[in-house]
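Enquirer: Below you will find the structure I want to go over with you.
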């Protein structure tokens, strides 16, 4: 974990800081494992009262490592299942309710104490989904976001689609997910994805975490459970649906064409989807 995440605890606050700055904290296999491990460490530490989740350098997290998409185009799984040579079914529940990539983002929903994410620069694709796993989300002005999976011919499948659908209007989430359009912090705030836009989001996150840490920790944990419970009531079904749909799409001719076209910088040439048969 040490070469991907810096994990520090002070005054009952854990700071989970992504430190792969040379790659804009992109999600490779090691970063995924490190985020899952960090989430488990938080869950096991009864002394914690809040978590700050942040990224070093020019980005919070730029999404899935670009180097992994070539493996996907060749029939691999881009490292998301832990086996880059042969894709494993995403519908297999390897981490409780979730599979491995879902756990990377959903683990912050499972953490009992509040998680405050602080973003700057970019939070794209899988990075946006990790960001959405937090309870509160701060970002610097001009931070760029995107639900980017459709750019690669995929659906968003890292366990936070139910959070997105709760925070923003249905038509907005659909537009963003279907177009992969990049939008900035000010727009994200208007949609409901951000708690605050602030010049120094990490400092603001620690200010909030420090205030929370002075409150009754039993009440704080219960408050998170109280507000999460209705939203997460059907989460097992949502997580499974994400995986089933992605399993049908990933590796299909049109999805492979989407990846190849993106990597080659050209327009994709897709095969038309067959129309459903009319009921007799």
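Enquirer: Would you kindly identify the helices (runs of 4 or more DSSP H) lying entirely within region 115-232 that contain at least 1 residues that are surrounded by fewer than 23 Cβ atoms within 10 Å (Cβ to Cβ)?
Expert: On the way: elements: 126-132, 161-167, 170-179, 185-191, 201-213, 217-232.
Fully inside region 115-232 and qualifying: 161-167, 170-179, 185-191, 201-213, 217-232.
Enquirer: Let me ask you something else. Would you confirm, using the coordinates I've provided, whether residue 255 is in contact with a helix residue (DSSP H, G or I) (Cβ under 7 Å, 6 or more places away or on another chain), touching a residue at least 12 places away in the same chain (Cβ under 8 Å) and more than 29 Å from residue 113 (Cα to Cα)?
Expert: On the way: in contact with a helix residue (DSSP H, G or I) (Cβ under 7 Å, 6 or more places away or on another chain): yes; touching a residue at least 12 places away in the same chain (Cβ under 8 Å): yes; more than 29 Å from residue 113 (Cα to Cα): yes.
Yes; evaluated as a whole, the condition is true for this residue.
Enquirer: Just to be sure, is residue 44 modelled with pLDDT of 95 or more and out of contact with any helix residue (DSSP H, G or I) (no Cβ under 6 Å at 6 or more places or on another chain)? Show your work before the answer.
Expert: Details: modelled with pLDDT of 95 or more: yes; out of contact with any helix residue (DSSP H, G or I) (no Cβ under 6 Å at 6 or more places or on another chain): yes.
Yes: the conditions hold for residue 44.
Enquirer: When only residues in region 47-63 that are in contact with a helix residue (DSSP H, G or I) (Cβ under 6 Å, 6 or more places away or on another chain) and assigned to a strand (DSSP E or B) count, which is farthest from residue 115 (Cα to Cα)?
Expert: 61
The values are calculated or read from the model by the stated rules, or taken from the named source; none is laboratory data. What you see is a predicted model, and the numbers here were worked out from it, not measured in a lab. Neighbour counts are summed over all protein chains in view; Cβ atoms, including those assigned to glycine, are modelled from backbone coordinates with ideal geometry.
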